[in-house]
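Shown next, in structure tokens, is the structure this report addresses.
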Amino acid sequence: DEAEAAFKNMIKAMPSEMKEFKNEVKILCTDSMAENYRETLEADGTEQAHIKLVDGIEKLYIRGYEIIVREEWDTDIASDFAGYYPHRALLTMPRNLVWATDLASASEDIESWYNNDEQLRKFRTEYKAGTQYIHTNYIVAAY
């Protein structure tokens, strides 16, 4: 029942201004947390009450908030942080998360040349990229 308790605590900790966007708020979590939540629902016989079939895809919910399972998180956490907080979740709005780079201008940092021998145009660039957030107060994390 740990995942259910964590999800409920995340919802309680959500800032009041975020509640205005209830339809946009989602819980992103590791597969291990989602499985624990499913086991809790199966044990009390309410699993189907928390699942909606949308466009032929089953979606899991808690208190009206969609749970999006990020299976790759389990793999990444196991390889990068083995043994440290393997179960993680974020309650946020997807539009609050953006993909960002450290490039000021992509055209300035890309090298391009044509290789006559291989008859190929080649490109090279170096940068850091990752998911960033716009508003910190629109994120509730659990681990």
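The values are calculated or read from the model by the stated rules, or taken from the named source; none is laboratory data. In this text the structure is predicted, and so the values were computed from the model without any measurement. Because the Cβ atoms are built from the backbone with ideal geometry, glycine has one as well, and the counts that use them run over all protein chains shown. To get the accessible areas, we keep the full protein, side chains included, count just its heavy atoms, and leave off ligands, DNA and RNA. Shrake-Rupley method; radii C 1.70, N 1.55, O 1.52, S 1.80 Å.
Whole number in Å², please: accessible area per residue of segment 24-134, 1.4 Å probe, ligands, DNA and RNA not counted.
Details: 7680 Å² over 111 residues.
Value returned for segment 24-134: 69 Å² of accessible area per residue.
Within the listed set Lys122, Lys12, Lys52, the residue fluctuating most in the Gaussian network model of the chain (springs between alpha-carbon atoms under 10 angstrom) is Lys122.
Determine how many Å³ per residue the convex hull of the Cα atoms of segment 53-112 encloses.
Numbers: hull volume 12.2 nm³, N = 60.
Given the Cα convex hull of segment 53-112, per-residue volume reads 203 Å³.
Averaged over residues, the count of other Cβ atoms within 10 Å places the peptides 94-101, 114-121, 59-66 in the sequence 59-66, 94-101, 114-121, highest first.
Using 0.36 nm per residue and subtracting the Cα-Cα separation, the extra length available between Lys122 and Tyr61 on full extension is 17.3 nm.
Within the same chain, lysines fewer than 8 places from Lys59 are excluded, and of the rest, those with a Cα less than 24 Å from its Cα are Lys8, Lys12, Lys19, Lys22, Lys26.
By how many nm would the segment from Tyr143 to Asn115 grow when fully extended, if each residue of separation counts as 0.36 nm and the alpha-carbon distance is taken off?
On the way: separation 28, 0.36 × 28 = 10.08 nm, distance 4.95 nm.
Once the chain is fully extended between Tyr143 and Asn115, it gains 5.1 nm.
A simple rule links phi to the HN-Hα coupling: the Karplus curve 6.51 cos²θ - 1.76 cosθ + 1.60 with θ = phi - 60°, which for segment 56-70 gives x, 10, 6, 10, 8, 9, 9, 6, x, 9, 6, 9, 9, 8, 10 Hz, with x for Gly and Pro.
State, as an integer percentage, the relative contact order of the chain based on alpha-carbon contacts under 8 Å between residues 6 or more apart.
Numbers: 190 pairs, mean separation 41.0, N = 143.
This gives 29 percent for the chain.
Note on the chain: with a GNM built from Cα contacts shorter than 10 Å, the maximum mean-square fluctuation among Thr92, Thr125, Thr40 falls on Thr125. Note on the chain: antiparallel DSSP beta bridges, both residues inside, total approximately 85 percent of the bridges counted. In this simple spin-label approximation, Ile51 and Ser16 carry label points 7 Å from Cα along the Cα→Cβ vector, and these lie 3.8 nm apart.
Once Cα Rg over 2.2 N^0.38 Å is calculated for the structure shown, the corresponding label among (1) 0.96; (2) 1.10; (3) 1.39 turns out to be (3). Under 17 Å of direct C-alpha separation, and excluding same-chain neighbours fewer than eight residues apart, Lys128 reaches these aspartates and glutamates: Asp102, Glu108, Asp109, Glu111. Result for the chain in a Gaussian network model with C-alpha springs under 10 Å: among Met33, Met18, Met93, the largest mean-square fluctuation is at Met18.
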